[in-house]
Amino acid sequence: MYASINRRVEFRADRRERLDAFLARVMPEYSRARLAEHARQGRVLVEGVPRKPSHRLEPGTTVCVEPIEDRPPQPLTPIPVPFDILFEDEDLMVVNKPPGLSVHPSPTSSAPTLVHGLLAHSRELSRAGGEFRPGIVHRLDKDTSGALLIAKRDVIHHRLQAQIQGRVAKRTYWAWVRGIPRLEQFTVETWLGRHPKNRKKRAVVSEEAPDARRAITHVRLVEAFAGATRLECQLETGRTHQIRVHLAHVGLPIFGDPLYGVAHPAIARQALHAIRIEFEHPTTGRVLSFDAPLPQDLLQLERVLRDEA
């Protein structure tokens, strides 16, 4: 994922510190120089007032960072990319994203993305999510497969995002994990923030952490194997890596997940699939629900787990 935010984000200072040093600590995907320049442009507000990079923060101070958009290295040109379309009309699409395909461009990769494939399929894509994320209403990690909403017009994009934020739209995932939960249904509720030592990871943090965000995942046992389980996870909030962190936190790490999970010889990526998405059509008001068929690697993992049982 390239370094970009398309909405204002808010932090709370937890110590006395220069503004640019604080920003570099809580937003490590950016360079300190890039963040300092953003502040000099008046795009960083401290208690509602634009401040210079050298401004000294006090504990408890609110810091708001206006949207940042960095240009990825490769041009957004139409490139045929294989993906299945579960539904399409003049307003939107629902696609089944294959594993190993990034949703949008990254500065560290020149490989085609889903966005390139969408442009090859249709020039009618919303731009409300940013210049380099045409059509993308929400995202999936590169190695997570499954159902993804695509908007063709900005007004549709805003209405679909409002449904996600208002919990009208429901996103359901299946995860294959090591271990069997004590309860058939349970909810994981924590605060998530950046991992203190690994910039690629998220972690469960205290509510007082400067970048703490409330995260809620509802979990249901679908099928138990020998020392393993297929779980259904429904997002109430949509934080980065939320399901992966939450399941590891409760002792149910996802198979194949290189950051939070455990290895399994039958799967080479995190065994996580966005199985279903349900929403109200922004134009007709009709409730729509779509299931994304499982890719071959997850079908193979299930066969192996059943054989082991």
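Quick note: the coordinates plus some simple rules give every number you see, no bench work behind them. Model, not experiment: these values are computed from the prediction. When we count neighbours, we look across all protein chains shown, and the Cβ atoms used for this are built from the backbone with ideal geometry, even at glycine.
Note down the net charge around P134, summing +1 for each Lys or Arg and -1 for each Asp or Glu among other residues with Cβ under 12 Å from its Cβ.
+2
Please list log₁₀ I(q)/I(0) at q = 0.18, 0.22 Å⁻¹ for region 72-166, using the Debye equation with identical point scatterers on the alpha-carbon positions.
Taking Cα atoms of region 72-166 as identical point scatterers yields -0.75, -1.14.
Using the Cα centre of the chain as the reference point, and only Cβ charges (+1 on K/R, -1 on D/E), how large is the resulting charge dipole? Debye, rounded to the nearest 20.
Here the chain has a charge dipole of around 1080 debye.
Could you please report the charge total around E236, scoring K, R as +1 and D, E as -1 over all other residues with beta-carbon less than 10 angstrom from its beta-carbon?
+3
Give the distance, in whole Å, between the Cα centre of region 1-64 and the Cα centre of region 203-220.
So the separation of the two Cα centres works out to 21 Å.
Can you find, among F132, T113, V81, the residue farthest towards the positive end of the dipole of the chain? Put +1 on the C-beta of Lys and Arg, -1 on that of Asp and Glu.
Sorting the options by dipole projection puts first F132.
Taking the alpha-carbon centroid of each part, what is the distance from region 119-165 to region 293-309 in angstrom?
Cα centroid of region 119-165 versus Cα centroid of region 293-309: 30 Å apart.
Stretch V222-T62 to full length: gain in nm at 0.36 nm per residue minus the Cα-Cα span?
Between V222 and T62, full extension yields 53.4 nm more.
Relative contact order for region 4-69: what percent, with Cα pairs under 8 Å and sequence separation of 6 or more?
Values: 118 pairs, mean separation 33.3, N = 66.
It comes to 50 percent, rounded to a whole number.
When the chain is fully extended, how far beyond the present Cα-Cα distance does R303 get from T284, taking 0.36 nm per residue of separation?
2.8 nm
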